[in-house]
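Notes follow once the structure below has been shown.
Every number in this text was worked out from the coordinates using simple rules, so none of it is lab data. Given the structure is predicted, the values throughout are model-derived calculations rather than measurements. Please note: Cβ atoms are built from the backbone with ideal geometry, for glycine as well, and neighbour counts cover all protein chains shown.
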Amino acid sequence: MLTQSPAAPRPEKSSRKTAPRKKSAQNGAHPKSETIGFLLWDSRRAISHDFERLISRHGVSRSTFWILRILWDENGQTQAELAKRCRMKGPTIVGIVAQLEREKLVTRADDPNDNRKKIISLTPKGSALRSVIVPIVEDVNKRATKGFSAAERNQLKEMLRRIRRNMDNE
């Protein structure tokens, strides 16, 4: 008859919970909450949440806002131009423009130079929203940079532009 040798004793589990390890500043690593990517994401999330809450009271979403904002600055854009300026894909723009059209905020017309293209233009109702939404943009930006000097706000914007350029070049 074969006898089994007793199993090796298992180490006892400690009932003590260990705290999550923080990365040491000595090796150059940072806790997740201190990385540039996380700080940018978290700041964007906080600003976007507040902004979307305020503009939704006027029937505007974040995605429709970007189209309206471009048209408020330069009315009469093709869908392709809007897509490029919003950094969105063509099919996404088509859906957003259709929504804006249903809400009677924009019109779509044939491009007189190229019948394959559509020119998106604001209606009077779409133009009028500017006087309601732009002050919200200004208020959210003002609250987000509360306590910043004008020089600090300019420096922040320049740094963010540099980050965007760096990432666009990758």
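Taking every pair of alpha-carbon atoms in the stretch 61-126, give the share separated by more than 18 Å as a whole percent.
Beyond 18 Å sits 24 percent of the P(r) for the stretch 61-126.
All other residues with a Cβ under 14 Å from the Cβ of Thr64 taken together, and with Lys, Arg as +1 and Asp, Glu as -1, what is their net charge?
Neighbour charge sum, excluding Thr64 itself: +4.
Within the stretch 45-170, how many Lys pairs sit with Cα atoms under 15 Å apart, leaving out pairs fewer than 8 places apart on the same chain?
The result is 5.
Once you keep just the Cα pairs under 8 angstrom separated by 6 or more residues, what percentage relative contact order results for the stretch 61-126?
36 percent
I want to check the label-to-label distance for Met159 and Thr35. Put each point 7 Å from Cα in the C-beta direction and report it in nm to one decimal.
Reported label-point gap for Met159 and Thr35 is 1.8 nm.
Can you find, among Gln77, Ala109, Pro91, the residue sitting farthest towards the positive end of the charge dipole of the stretch 61-126, where Lys and Arg contribute +1 and Asp and Glu -1 at Cβ?
The Cα lying farthest towards the positive end belongs to Pro91.
To the nearest 20 debye, what charge dipole does the stretch 61-126 have about its Cα centre, counting +1 at the Cβ of each Lys and Arg and -1 at the Cβ of each Asp and Glu?
280 debye
Give, in nm to one decimal, the length gained when the segment between His49 and Lys146 is fully stretched (0.36 nm per residue of separation minus the Cα-Cα distance).
Computed gain between His49 and Lys146 is 33.2 nm.
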